[in-house]
Amino acid sequence: MSAMRPSGRSLDELSRDLTSRRSFLLGAGAAAIGANLLSDLPAAEAAAPLTAGDEAILRFLSAAEILETDLWQQYNELAGIPDREVPGGRGNKKYTAALTKLDSDMAQYIHDNTEDEFTHFTFINAYLSSRGGRPVNLDQFRTLPGSRATGARRIKRLTNLMELTVDTTWWTRYRSRAGNPDLGDNFPPAVPGLMRGRFPAIPRSDHDLKPKRHLQAIANTAGFHFATIEQGGTSLYPSLAQRVSDSEVLRILLSIGPTETMHFQTWSDKAGNAPPVKDPTNGLVFPDLNSRPFGGQNFQTNLIMPEPTAFLDRKFPVVSVIRPTATQGAAMGALKFLTDDGLFRGQSAAFFTFMTSLAQAADAAQRS
């Protein structure tokens, strides 16, 4: 990729800029924190350079976590708990109340998920610095408008939560006792309508706060989107871990990845509580997943643990696993998934060029 030079500076130079946690959360940007976060590392290991492949994998994961943090901050501003851990935003009572229909603890869960994603990218960036690698900074791509609803900050964003096309096939994939995408299987979505348009998961302005069924559909969209995002991370870490060479880098992926799985199962449970509703403004329908033509093994809402399924080869007995975990093209697959989700609608060609470069480099990594 040829480096862009806004203000005469290259992307690599920009990616070395480090800003404080406070400045990030106030909208100055997603960047790395100093390597002193890793002062406990043995000196020899901390000084050893990373392989090009391991650095590429960590850089892609850092970028993915920065993007996740950006979208979770938007949710937290409107329906989470703004505090010293995750400052910013003032909350939106009506939107928060609609999300509470999915669970009374939604605000706390949104807050904690937001903080977790922030710690992921700051740690990875600090670790990259400690091993002579290049931390990732996406600040120059903060160009997208955010919500104008009460409670949201008036700052530019990396991600767009107002035109989503949400893939809910994870719902039936994890309930299937025979199918696995790694073996070429496909799955029906839990909410077909979410894949047929562009829908807001946050109120775009206070006009979206009524009528009530419209606002509930927005909250339901968010509830399913939470799980959609986190199931992606659940698969991404084990997929890329298979390409890592350094044992300590492998430890990082094996330690962060399972937290994404914890997030996914939490949100999978909450999505099952989304009340059936039809949005009177756009016709989007959230069905009762326990009633015909839904219901049964593939849709039952209290089945939140992965069912056993085929893995590696159908000659083996079924086993409960994360799926997919195939490593070939995992990073590009994740980028395509996020793009298809609509998160990047409105982003620049330069953004896609940069993210594609990171993903391709991560996919080219080989275990040595």
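Brief remarks on what is shown
- Taken together, 146, 88, 80 contain a single residue that is small (Gly, Ala, Ser) and modelled with pLDDT under 95, which is 88.
- Test: residue in the stretch 196-216 that is outside any loop (DSSP other than H, G, I, E, B) and under 19 Å from residue 294 (Cα atoms): no
- Selection of the stretch 75-87 for residues being touching an Asp or Glu at 6+ places or on another chain (Cβ under 8 Å) and either charged (D, E, K, R) or open to solvent by 20 Å² or more (accessible area, probe 1.4 Å) (or both) yields only 85.
- Identity of the residue in the stretch 331-353, of a type in the set (Phe, Trp, Tyr) and open to solvent by less than 10 Å² (accessible area, probe 1.4 Å), that ends up farthest from residue 135 (Cα to Cα): 344
- Residues in the stretch 143-173 that are in contact (Cβ under 8 Å) with a residue 60 or more places away in the chain, among the polar types (S, T, N, Q) and open to solvent by less than 40 Å² (accessible area, probe 1.4 Å): 147, 159, 160, 165, 168, 172.
- Remark: pairs (first residue in the stretch 89-100, free of Cβ contacts under 8 Å to residues at least 24 places away in the same chain; second residue open to solvent by 20 Å² or more (accessible area, probe 1.4 Å) and part of a helix (DSSP H, G or I); Cβ separation under 7 Å; 6+ apart in sequence or on different chains) = 96/107.
- For residue 222, the test of being over 18 Å from the mean Cα position of the chain (by Cα), buried (at least 24 other Cβ atoms within 10 Å of the Cβ) and among the hydrophobic types (A, V, I, L, M, F, W, C) is failed.
- Annotation: of all residues in the stretch 105-142 being open to solvent by less than 40 Å² (accessible area, probe 1.4 Å) and in a loop (DSSP other than H, G, I, E, B), the one that is farthest from residue 66 (Cα to Cα) is 131.
The values are calculated or read from the model by the stated rules, or taken from the named source; none is laboratory data. Bear in mind that the values here come from a model prediction, so they are computed numbers and not experimental data. Cβ coordinates were reconstructed from backbone atoms using ideal geometry, including for glycine residues, and neighbour counts include every protein chain displayed. All accessible areas refer to the heavy atoms of the entire protein, side chains included, with ligands and DNA or RNA removed. Shrake-Rupley method; radii C 1.70, N 1.55, O 1.52, S 1.80 Å.
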